[in-house]
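Take a look at this one; I'll ask things after.
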Amino acid sequence: MIIRKSPSEIERMARSGALVARTLAVVGAAIRPGVTTAELDALAEEFIRSQGAEPTFKGYRGYPASICASPNSMVVHGIPGGYTLAEGDVLSVDVGATLNGFVGDGAFTFPVGEIDPAARELLETCRAALAAGVERARAGSRLSDISHAVQQTTEAAGFSVIRTLVGHGVGRAMHEDPQIPNFGESGRGPELKAGMTLAIEPMITAGSPDVFVHEDEWSISSTDGSLAAHFEHSIAVTEGGPLVLTTAPDVDLAALAGLSAS
Ligand code: MF3
Ligand code: CO
């Protein structure tokens, strides 16, 4: 069952989303060679709590940290720890914050220092795929119109979408219906309606789309070791079009990361 939110609930979700965007900015500003992912996690947790919110991920099904920090060929759900960032790495950071009963969920893949042009293209493509998916999140469209746009943007650039990982509805719970695959024909699935709130999250690789779960039972990496990227927004379908919730007027993650302006 897809839970639709009232305009006032969407306003509350925009506050959670803004906090996610600001947390990603706090983390992004600290990303440099020599920093560990555990240090980034501590910064994020401290910031989220300082705003009167809870890190949604911490304790979720036993997840031990406040963010996911997934370097290079790791796609998602990397547990922060002793990994030390190196020049040329990419780091996918996923943040969830619960504020006033609603969850914001967002992710961004940051370059660490200078990255090579192929890595930059992967990041730009994943970001463009997210933008294309968000653009299709309109009342009257079908859910798979989002999926199709993500897949098309990704594959047109020669990259692969991961098929076993999906986006999701978001609201009072981090994971609500529906699941949102990042591939598929358009025109399928439920009709999108105003009040639906969705976490759209392309996860793509530069090589094969196959992934495996590490022994920690969380971290997921590409099987062929190819570079991965993950960008995510929580959005609301409104009468006026898609409304991105995980954004804030004072936050420009692309500028912070040195990616092209959107
Ligand atoms: N954004 C991720 C998701 O939608 C975050 C989950 S991490 C977890 O699945 F640790 F909380 F599970
Ligand atoms: Co998510």
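Only the coordinates and a few stated rules stand behind these numbers; no lab work does. Quick caveat: nothing in here was measured; it's all calculated off a predicted structure. Note that each Cβ is placed from the backbone with ideal geometry, even for glycine, and that neighbours are counted across all protein chains shown.
Modelled label-to-label distance, R172 and H214, 7 Å Cα→beta-carbon offset: nm?
With each label point 7 Å from Cα toward Cβ, the separation is 3.5 nm.
Can you sort M13, M1, M74 from fewest to most other Cβ atoms within 10 Å of each residue's own Cβ?
The fewest-first ordering by Cβ neighbours comes to M1, M74, M13.
Computed over the Cα atoms, what is the radius of gyration of region 191-250 divided by 2.2 N^0.38 Å, N being its residue count? Intermediate values should be presented prior to the final figure.
Numbers: Rg = 16.0 Å, N = 60, 2.2 N^0.38 = 10.4 Å.
Against the empirical 2.2 N^0.38 Å value, I get 1.53 for region 191-250.
What ranking of R172, R136 emerges when the number of other C-beta atoms within 10 Å of each C-beta is taken as an exposure proxy, fewest first?
Values: R172 14, R136 20.
Fewest-to-most ranking of R172, R136: R172, R136.
Label the chain by shape, choosing from rounded, prolate and oblate, from the square roots a ≥ b ≥ c of the eigenvalues of the Cα gyration tensor; if a/c is under 1.5 it is rounded, and otherwise prolate applies when a/b is larger than b/c, oblate when it is not.
Numbers: a/c = 1.56, a/b = 1.16, b/c = 1.35.
Oblate.
Also: At a threshold of 8 angstrom on Cα-Cα distance, excluding pairs fewer than six apart, so keeping six or more, what relative contact order does region 96-154 reach in percent?
25 percent
Most fluctuating residue of A42, A25, A69 in a GNM of the chain with Cα springs under 10 Å: which is it?
A42
Can I ask one more? Counting Lys and Arg as +1 and Asp and Glu as -1, each charge on the Cβ, what is the dipole of region 7-257 about the Cα centre in debye, to the nearest 20?
I would put it at about 600 debye.
Also, I was wondering about something else. Which whole-number percent is the relative contact order of the chain (Cα, under 8 Å, 6+ apart)?
Taking the mean separation of contacting Cα pairs over the length of the chain, I get 24 percent.
Shifting gears a bit: Stokes-Einstein at 20 °C, 1.002 mPa s, Kirkwood radius from Cα pairs: D for region 39-107 in µm² s⁻¹? Walk me through the numbers on the way to the answer.
On the way: Rh = 12.4 Å.
This corresponds to a translational diffusion coefficient of 172 µm²/s.
OK, next. Using θ = phi - 60° and the Karplus curve 6.51 cos²θ - 1.76 cosθ + 1.60, what whole-Hz ³J(HN,Hα) does each residue of region 104-120 get, with Gly and Pro shown as x?
So the Karplus estimates, Gly and Pro as x, are x, 9, x, 9, 8, 9, 9, x, 9, x, 7, 10, 6, x, 5, 5, 4 Hz.
Between region 187-202 and region 165-184, how many Å separate their Cα centres?
Value for the Cα centre distance between the two parts: 8 Å.
Considering Cα pairs under 8 angstrom that are at least six residues apart, work out the relative contact order of region 127-262 and quote it in whole percent.
Values: 294 pairs, mean separation 34.2, N = 136.
Relative contact order here is 25 percent.
How big is region 107-198 on each of its three principal axes, counting only the C-alpha atoms and giving the largest first in Å?
Here the Cα extents, ordered largest to smallest, are 41, 29, 23 Å.
Tell me, what ³J(HN,Hα) does each residue in region 200-211 have, in order and in whole Hz, if you take phi through Karplus 6.51 cos²θ - 1.76 cosθ + 1.60 with θ = phi - 60° and put x for Gly and Pro?
Whole-Hz 3J(HN,Hα) from phi for region 200-211: 9, 8, x, 10, 9, 10, 7, x, 6, x, 6, 10.
Each residue of region 29-43 in order: what ³J(HN,Hα) in whole Hz does its phi give by Karplus 6.51 cos²θ - 1.76 cosθ + 1.60, θ = phi - 60°, with x for Gly and Pro?
Result, ordered by residue: 5, 9, 6, 6, x, x, 7, 8, 5, 5, 5, 5, 4, 5, 4 Hz.
Taking +1 at the Cβ of each Lys and Arg and -1 at the Cβ of each Asp and Glu, which of S219, S208, A194 sits farthest along the dipole of region 192-244 towards its positive end, judged by Cα position relative to the Cα centre?
A194
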